[in-house]
1. Filtering the range 221-232 down to residues that are hydrophobic (A, V, I, L, M, F, W, C) and assigned to a loop (DSSP other than H, G, I, E, B), which residue is farthest from the chain's Cα centre (by Cα)?
2. Any idea how many residues of the range 256-275 are buried (at least 17 other Cβ atoms within 10 Å of the Cβ), closer than 29 Å to Gln81 by Cβ and touching a residue at least 40 places away in the same chain (Cβ under 8 Å)?
3. Where in the range 136-211 are there strands (runs of 3 or more DSSP E), lying wholly inside it, with at least 3 residues that are in contact with a Leu (Cβ under 9 Å, 6 or more places away or on another chain)?
4. Under 9 Å by Cβ, and 6 or more places apart or on different chains, what pairs join a residue from the range 235-251 that is closer than 14 Å to Val104 by Cβ with one that is assigned to a helix (DSSP H, G or I) and aromatic (Phe, Trp, Tyr)?
5. Phe222 versus (1) more than 16 Å from Asp193 (Cα to Cα); (2) buried (at least 18 other Cβ atoms within 10 Å of the Cβ): which is the lone unmet condition?
6. Determine, yes or no, whether Pro218 is assigned to a loop (DSSP other than H, G, I, E, B) and touching a Cys at 6+ places or on another chain (Cβ under 8 Å).
7. Return a yes/no flag: does the range 187-204 have any residue that is among the acidic types (Asp, Glu), modelled with pLDDT of 95 or more and outside the structural domain of Leu129 (by TED's automatic domain parsing).
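The values are calculated or read from the model by the stated rules, or taken from the named source; none is laboratory data. Quick caveat: nothing in here was measured; it's all calculated off a predicted structure. Neighbour counts are summed over all protein chains in view; Cβ atoms, including those assigned to glycine, are modelled from backbone coordinates with ideal geometry.
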Amino acid sequence: MTRRRFCATLALCGLAPGAIATALASEGHELRLGLTPVFLDDQSIFLEAWRTYLTARLQRPVVFVQRGSYREIVDLLNQGQLDAAWLCGFPFVRHERRLRLLAVPLFQGRPLYRSYLIVPAGDTHTKSLLDLRGKVFAYSDPDSNSGFLYTQFALAKIRERSEVFFARTFYTWSHRKVVEAVAVELAQGGAVDGYVWETLQRSHPQLAARTRVVEQSPEFGFPPFVARSTLPAGDFKALQDVLVAMRNDREGKKLLGQLNLDGFTPGERKLYDGIASMAEKVANRP
């Protein structure tokens, strides 16, 4: 039976549109999950293994949809073209009326992470952000907390703006590429996700060693998995349960190990209060 005929049959049975959506979920239509290269870069083999794992556990097709920025992923979520996505806390708090917190990764046992300020390893003089005045600076994504917002907040506290404080800035659209840009001194400083830097230190130690961490931010809620607000409750619960249960089986643990994560937790909105507060203060700065 085609999807259209299935919908028509359910409608004739007197089911409301929401009930039809739930029935379609049980029919096994594909689940579309959004990702950006901000976190997962050059990981095609891993993503195929993860997709296969999720497909088997959910007993329905799973498709990863990759785009180059958080903004593109949020647009697809809002248009209903994605069911869920691995996002960042900054776009989550900006669009939370249309999104639901699905699951939060656990890094070093906790649902938290930091933003790192990095410089080339050969730079032994820079002690803080203040020392980078007039230098070239790399950001990951304008909708990233660790790769953009936190630096804007730090500058706002000293009544500075990025476009004036730095000689030039640019976006790399990937935390790894921020590290690469600083490592080869294309930028004299950069804002990077601490989880990504720590993971690169383990998987690509020669790259990480070419940079030096100057400052670390306070802890923030780890970049979450979110779902569109219109995702049927059954789909939401099924995906959440599978992500949370990954740490309970050998294959799931192996995949988590490749991500340098300990697992997922359902999480709480209050994890992102700090990001929401920073975003408000940056938006309302003089």
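1. Here is the first cut: in the range 221-232, the ones hydrophobic (A, V, I, L, M, F, W, C) are 222, 225-227, 231.
Going one step further and asking which of them are assigned to a loop (DSSP other than H, G, I, E, B), we end up with 222, 231.
On the way: Phe222: 8, Leu231: 19 Å.
Restricting to residues being hydrophobic (A, V, I, L, M, F, W, C) and assigned to a loop (DSSP other than H, G, I, E, B), the top hit is Leu231.
2. To start, the set of residues in the range 256-275 that are buried (at least 17 other Cβ atoms within 10 Å of the Cβ) comprises 256, 259-265, 267, 271-272, 274-275.
Adding the requirement that they be closer than 29 Å to Gln81 by Cβ leaves 256, 259, 261, 263-265, 267, 271-272, 275.
The next check asks that each one be touching a residue at least 40 places away in the same chain (Cβ under 8 Å); those that pass are 259, 261, 263-265, 267, 271-272, 275.
Residues meeting the conditions: 9.
3. Details: elements: 136-139, 168-171, 189-193.
Passing ranges, in order: 189-193.
4. From the range 235-251, the pairs are Met246/Tyr53.
5. Unmet condition: (1).
6. Values: assigned to a loop (DSSP other than H, G, I, E, B): yes; touching a Cys at 6+ places or on another chain (Cβ under 8 Å): no.
In short, no.
7. From the range 187-204, those among the acidic types (Asp, Glu) are 193, 198; that's our starting set.
Within this subset, residues satisfying the condition of being modelled with pLDDT of 95 or more are 193, 198.
With the extra rule that they be outside the structural domain of Leu129 (by TED's automatic domain parsing), the set shrinks to none.
Checked the range 187-204: no residue is among the acidic types (Asp, Glu), modelled with pLDDT of 95 or more and outside the structural domain of Leu129 (by TED's automatic domain parsing).
Residues checked against (1) farther than 17 Å from Asp141 by Cβ; (2) touching a residue at least 60 places away in the same chain (Cβ under 8 Å); (3) polar (S, T, N, Q):
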position	(1), (2), (3)
Ala156	yes, yes, no
Glu160	yes, no, no
Phe170	no, no, no
Trp173	no, yes, no
Arg176	no, yes, no
Glu180	no, no, no
Asp193	no, yes, no
Glu198	yes, yes, no
Arg202	yes, no, no
